[in-house]
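Here is the structure we will look at.
Each value in this text was obtained by applying a stated rule to the coordinates, not by laboratory testing. Nothing here was measured: the structure is a model prediction, and the numbers come from that model. Positions of Cβ are generated from backbone atoms using ideal geometry, with glycine treated the same way; all protein chains shown enter the neighbour counts.
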Amino acid sequence: MLKIKVNDKVKIIKGKDRGKLGKVLRINNEDGKVFVEGANIINKHIRQKDQSKPGGIVKKEGPIGIANVRVVCPNCGKPARMGFDISGAGQKSRVCKKCNQQI
């Protein structure tokens, strides 16, 4: 189970976009990278496929190291570390390390 999931609200703690908040769009587990909405914008050059799909330069989100982001806890509203808690029924859930509330 990963500590960061798609659609989590995260805060970037390192890099050129430090301090920005955004939603996780996707996660690349092999490289340990996340794509955050509105952060690390890169220019992608697209080749023209046919007359209906023109080419050009497209701005899109680039990858950010998973260690450079922190999940913003919906309960306390602060970027915090995540932990795990196993319930009596054997369910594993994420827990905020600051407020000890389940996420």
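I want to make sure I understand the PRE zone here: with the label point 7 angstrom from the Cα of K16 toward its beta carbon, which residues in the stretch 34-68 have backbone N atoms less than 13 Å away? Zone members listed by number: 39-44, 60-64.
Can you flag which of K60/K98; K9/K98; K9/K60; K23/K92; K14/K92; K20/K53 are past 25 Å Cα-Cα?
K60/K98; K14/K92; K20/K53
The packing ranking, built from the mean of other Cβ atoms within 10 Å per residue, places the peptides 30-41, 50-61 in the order 30-41, 50-61, highest first.
Taking one quarter of the surface of the C-alpha convex hull of the chain gives a mean projected area of 8.7 nm².
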